[in-house]
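> My questions will all concern the structure given below.
Taken together, the values in this text are just the output of simple stated rules run on the coordinates, not laboratory data. Please read all numbers here as calculations on a predicted model, not as lab measurements. Cβ atoms come from the backbone with ideal geometry, glycine included; neighbour counts cover every protein chain shown.
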Amino acid sequence: MRYFFHIGFDGFNYKGWQKLPQTKGRNVQEIIEINLSKVLKTKLTIVGCGRTDAQVHAAQFFFHVDIEKGWDFDLKSRLNMNLPKEIAVFDVLPVDDQSHARFSAIERTYNYFIHTEKDPYMANISAYYAKEDLDVDLMKKAVSLLVDYEDYRALSKSIPADRSAICKIKAANFFAGKNGDWFRFEISSNRFLNGMIRIVVQKLLTIGRQTLSLNEFESYLLSKQKPLVNRLAFPQGLHLTKVTYPFLDIAMKSKVLQSLIR
């Protein structure tokens, strides 16, 4: 039988969700597979709803796994006892065998957090950029352009030439504190390209500093050509906060992230 696991993780000390042969260091997928296999006493392979960069977080994430034998204990509690403190299981949900954690998802929402006053308690969950005089109106205008385009090849870290770069952005918003002490960028789409959100955030900061014009930013979306260099914003500010399926729509559980989305 197939199950969806609803989880969350603090990715700061991890090399990302995915288990890759060439990647050294801890990854979330492998740690869950090891512990889930140990708890259920059978070798299991899990499939996540996507990938994340090193140090990127997920307040909401899903993976699916096929489990032949049932169990007679509280699997969620048992697994949480075995997993490290940075990874939490919220729900274990039986689903149809055709349901797929990655390919069945119809929308994903990310939030990127920035704080501009140095704060050790925010260091691992928000990106610190020292306070400066940013043109927030220009940044908001740039964000409003994102929903008008679909080809994001120019705002990706890497994508094969024969792969689609089409992303159907459903919504994009930029929020700023009155004193310029915090910023939040939120974006929802059916899919995202490698590094896309962190590249967009870096462009927004450059626009706010008025060293990149709105026309230059829009030219990336019009040209569909990847620049020679695409700088990325710091990874720890990025959080996957919502994954939606036709058959499943659950609010994120993290109280901390709920307090930051203000």
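> Within the chain, which is the longest segment that contains none of the chymotrypsin sites (Phe, Trp or Tyr not before Pro) sitting in a DSSP loop with at most 15 other Cβ atoms within 10 Å?
122-246
> Calculate one ³J(HN,Hα) per residue across the stretch 56-64 by plugging θ = phi - 60° into the Karplus curve 6.51 cos²θ - 1.76 cosθ + 1.60, and present them in order as whole Hz with x for glycine and proline.
8, 9, 9, 6, 9, 8, 10, 9, 10
> Can you give me the long-range amide H partners of residue 14? Hydrogens built in the peptide plane at 1.01 Å from N, cutoff under 5 Å, separation of 5 or more residues or another chain.
55
> Starting from the stretch 108-180, pick out the GluC sites (Glu not before Pro) whose DSSP state is loop and whose Cβ has at most 11 other Cβ atoms within 10 Å.
Those satisfying the criteria are 132.
> Per residue of the stretch 212-225, what does 6.51 cos²θ - 1.76 cosθ + 1.60 with θ = phi - 60° give for ³J(HN,Hα)? Whole Hz please, x for Gly and Pro, Karplus curve as stated.
Values per residue, Gly and Pro as x: 9, 7, 4, 5, 5, 4, 5, 4, 4, 6, 7, 6, 6, 10 Hz.
> Here is a further query. Any idea which of 188, 32, 100 is furthest toward the positive side of the dipole for the chain, if Lys and Arg beta-carbons carry +1 and Asp and Glu beta-carbons -1?
Selected residue: 32.
> What are the residues whose amide H is under 5 Å from the amide H of residue 107, where those residues sit 5 or more places off or on another chain and H is modelled from the backbone?
Residues meeting the amide H criterion: 244.
> Once you have a ≥ b ≥ c as the square roots of the Cα gyration tensor eigenvalues for the stretch 94-156, tell me rounded if a/c is under 1.5, and otherwise prolate or oblate according to whether a/b is larger than b/c.
In terms of gyration-tensor shape, oblate.
> Only Lys, Arg, Asp and Glu count, each charged at its Cβ (+1, +1, -1, -1), so figure out the dipole size of the stretch 134-259 about its Cα centre, rounded to 20 debye.
Its charge dipole is roughly 360 debye.
> Please list 3J(HN,Hα) in residue order for the stretch 189-194, calculated via the Karplus relation 6.51 cos²θ - 1.76 cosθ + 1.60 where θ = phi - 60°; whole Hz, with x for glycine and proline.
These are the phi-based 3J(HN,Hα) values: 7, 6, 7, 9, 8, 4 Hz.
> Placing unit charges on C-beta atoms (Lys and Arg positive, Asp and Glu negative, everything else neutral), compute the dipole magnitude of the chain about its Cα centre in debye, rounded to 20.
Magnitude of the dipole: close to 500 debye.
> Rounded, prolate or oblate: pick one for the stretch 79-195, where a ≥ b ≥ c are the square roots of the eigenvalues of its C-alpha gyration tensor, a/c under 1.5 means rounded, and failing that, prolate if a/b is larger than b/c, else oblate.
oblate
> How high is the relative contact order of the stretch 108-262, in percent, counting Cα pairs under 8 Å that sit 6 or more residues apart?
33 percent
> Further question on the same structure: Pairs to check: 85/170; 131/170; 15/38; 141/203; 168/224. Give those whose C-alpha atoms are more than 24 Å from each other in this structure.
The pairs that break the limit, which is 24 Å between Cα atoms, are 85/170; 131/170.
> Which of the trypsin sites (Lys or Arg not before Pro) found in the stretch 90-120 are in a DSSP loop and have at most 11 neighbouring Cβ atoms, other than their own, within 10 Å?
118
> Please report the relative contact order for the chain, taking Cα pairs under 8 Å with a sequence separation of at least 6, and give it as a percent rounded to a whole number.
Relative contact order comes out at 24 percent.
> Sort 104, 223 by Cβ crowding within 10 Å, fewest neighbours at the top.
So the residues, fewest neighbours to most, are 223, 104.
> Two decimals, Cα atoms only, Kirkwood Rh: what is Rg/Rh over the chain?
We get a ratio of 0.99 for the chain.
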